[in-house]
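The values are calculated or read from the model by the stated rules, or taken from the named source; none is laboratory data. Since this is a predicted model, take the numbers as computed values, not measurements. We place every Cβ from the backbone using ideal geometry, glycine too, and count neighbours over all the protein chains shown. All accessible areas refer to the heavy atoms of the entire protein, side chains included, with ligands and DNA or RNA removed. Shrake-Rupley method; radii C 1.70, N 1.55, O 1.52, S 1.80 Å.
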Amino acid sequence: MAIAEATKTILQDFEGGQIAFSKDGKLLDRESTTRLSEFLWTTVDDAFQYSNKHKDTIPTDRSLLDFFLEKIEGTGFSPAEKEACIESCRLWGAYVGDPVERQSLKFFCLEECVDESNVFVASTYERILDHVSQSARQHGYIRFNQPVVKIESSPRQDPNARHQITLTTASGERFQFDEVVVTCPLGWLKRNKSAFAPELPPRLTQAIDSISYGRLEKIYATFPRAFWHTPLTTTPNGPADQPTNHGQPTFAQFFDPVYVAHPEDIPWNQEFLSLAALPPSCAHPTLLFYTYGPCATYIVHKLASLDPSPQEHHAFLDSFLHPFYSRLPGYSATSPDCTPLAFAATQWQNDPYAGNGSYCNFQTGLERGDSDIEVMREAVGPERGVWFAGEHTAPFVALGTTTGAFWSGERAAAQVCDLYGLGKAGIGAARDDSLPSGCK
Ligand SMILES: Cc1cc2nc3c(=O)[nH]c(=O)nc-3n(C[C@H](O)[C@H](O)[C@H](O)COP(=O)(O)OP(=O)(O)OC[C@H]3O[C@@H](n4cnc5c(N)ncnc54)[C@H](O)[C@@H]3O)c2cc1C
């Protein structure tokens, strides 16, 4: 937040403006949407507390969905409302990149975030990146498009001698360093353990294998005008007796639709954020859809298999999103305002340098999630001079985030400074692993 403020980055704290569509594509009334949202976030808070308090005894196969189901049973909701609650809690998938039934309850506490407002970086990370990269650009030697394929280091025989690490790039160039901070994503580490010579120690290898890597993707759909921001007196598909004016929706949730043909074994829940709701200087007539888990994998595989022509991509993405944006208030099949101008879809799962995914998450079956993170933070720095940084080594409260990635870089820099007895001017305060719902 301090860097955002210092760089005059524009932030947006989205409040309200939420709409939701039932499985049969009907817009829920405002009261039901609010009730579902309150249930969702209250239960998430309860689950954080529960996970934090009972981490040592919660069975590894217990999921966040199990916790939700238990809570839902304890409510006086009707069967239809209970079903809507379950659909609503699937939103968690868009936070971590995999379905809620895969979210470990035992290590759910590692998903807790910095206890401040959850802001959207409206003017993009441009100024923040410019700020944090200043020193590296001024004093460093940056090689783009030179992937590292080998990291060779030998344990020191003499504890007073310097480390010696040799990096080999894909083009065969070799470079020597005293210390190396590896910031390759966790997904890359999982697939490239053989890049390290000698082999990484078994406990570190186990930690890399144990923590999962998520499958979150984004699709941006841009229209000539934000037609969904048109105040309406009637909605195209809502029951006649419901409150009809939903104002300017900023966030929409679509429960697993029965009105869309899709692979039977893949839940097709979707959600979007309206970038038209950003402050005027940053607003776009764009819907930002988040896809996750098997649905996201399906989309990126499909995109990779298409003819690379922009028309094919456009047609495929429109066929995927049309069933959803066409449900919005203000939509008219005959209005040019409601026909997308362009789509942009991420394909992190197809990108080896993104680790073929998004960021770390904590899935059922995980046994030592917190200690795995600690082991990755230590890496083989003291013995071999090879340190790890990146979101997967962040303080617990910032795992999987840009803030956490930045803090982890400061932590790795401090570890190297400690080794050489250097001062830490310019490095932010050390962060501990305390969590908002309790202490470590
Ligand atoms: C869809 C999506 C939405 C997200 N939303 C948010 C959000 O709302 N808020 C938030 O805080 N975070 C969000 N994140 C997470 C955030 O983007 C990451 O936590 C952060 O970028 C991680 O930074 P990093 O430096 O650890 O890794 P990266 O940003 O992945 O950087 C790793 C770098 O290493 C390079 N690299 C990889 N392999 C090699 C190699 N062999 N040799 C040389 N270089 C290599 C890569 O090219 C890349 O530049 C989101 C991520 C995704 C995918």
Query raised in the report: Which pairs, out of K8/K424; K71/K106; K150/K190; K218/K302; K53/K106; K82/K218, put more than 21 Å between their alpha-carbon atoms?
Result: K8/K424; K82/K218
Query - For the chain, built as a Gaussian network whose Cα springs stay under 10 Å, the top-fluctuating residue of C338, C109, C282 - result: C282
Query - Relative contact order (%) - criterion: Cα under 8 Å, at least six apart; region: segment 163-222 - result: 22 percent
Report task. Report, by chain and number, residues whose modeled amide H sits under 5 Å from the one on K150, excluding near sequence neighbours (fewer than 5 apart, same chain). Result -> T168
Report task. Please report the relative contact order for segment 44-139, taking Cα pairs under 8 Å with a sequence separation of at least 6, and give it as a percent rounded to a whole number. Result -> 40 percent
**Report entry** Å² per residue, accessible surface of segment 65-143 at 1.4 Å
**Finding:** 54 Å²
**Report entry** In Hz, Karplus ³J(HN,Hα) per residue of segment 84-89 (6.51, -1.76, 1.60; θ = phi - 60°; x = Gly, Pro)
**Finding:** 5, 4, 5, 4, 5, 6
Report summary line: For the chain the mean separation of alpha carbon contacts under 8 Å (6+ apart) over residue count, i.e. relative contact order in percent, is 23 percent
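Under the rule a/c < 1.5 gives rounded, and otherwise a/b versus b/c splits prolate from oblate, where does the chain land using the Cα gyration tensor? Can you show the working numbers first?
Numbers: a/c = 1.98, a/b = 1.63, b/c = 1.22.
Taking the square roots of the gyration eigenvalues as a ≥ b ≥ c, the chain is prolate.
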Report summary line: Among GluC sites (Glu not before Pro) in segment 78-171, those in a DSSP loop whose Cβ has at most 16 other Cβ atoms within 10 Å are E116
